[in-house]
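Here is the structure we will look at, set down as structure tokens.
Bear in mind that the values in this text are calculations on the coordinates, not laboratory data. The model shown is predicted, which means the values in this text are computed figures rather than measured ones. Here the Cβ positions follow ideal geometry from the backbone for every residue, glycine too, while neighbour counts run over all protein chains shown.
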Amino acid sequence: MNQLDDSNFAGLIRRIESGSDDAAQQLIDRYGASLRRLARIRLHGNEIRRVVDSQDIYQSVMAVFFQRVRAGDLQLNSSDDLLRLIATMIRNRVTDKVRRLHAQRRDLRRNISMQQESIMVVDSDDSPSTMVSRKELMDRFRSLLSDEERVLLDERAQGYEWNEIAERHSATPDKLRKQLKRAMDKVTRILGTAG
């Protein structure tokens, strides 16, 4: 990975804080592959990988990351700080997903439909205002997707495999997976840098 030196990295983070879409894209271009690899590694050998995709974990973590950077909640001085933070966020997200699935007494050895899983993660300790904020964020997220992208997202959330979705849309699984990934990355950047 071609890392930025500390001063350039800090400048990149400041530009993201100030709302630069270009800076957010630069961070994703430079570090996205390594960050996605962290999500894949964290799920490797984990029983939850049957019901949660590493790309889903990566995208949800990055949405929160950009929101927190934009809010000025993070103090990142180097790319090492970034990698440590994202690794921790991914670990926490995976742990939370495992805990929730075990709490619901689901058999993780089967491929269970994600239809029963909410797209929004709600913590029982959250205040009503936090839950409203999350709902507003999810509504905003969905509003930035095209109708076709929302259908793909919904079908994945309902537990359909990519080959099943591809048959419905007369397309290849890879094409649709990449289409949704690009859409999610775009919306994540927009939400991460919007004021």
Packing-based order for 154-167, 56-69, using average beta carbon neighbours within 10 Å, highest first: 56-69, 154-167
Candidate lysines - alpha carbon under 16 Å from Lys186, same-chain residues fewer than 8 apart omitted: Lys178
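Determine, from the Cβ-Cβ distance of Arg150 and Asp22 and an R0 of 25 Å, the FRET efficiency 1/(1 + (r/R0)^6), rounded to the nearest 0.05.
It comes out at approximately 0.40.
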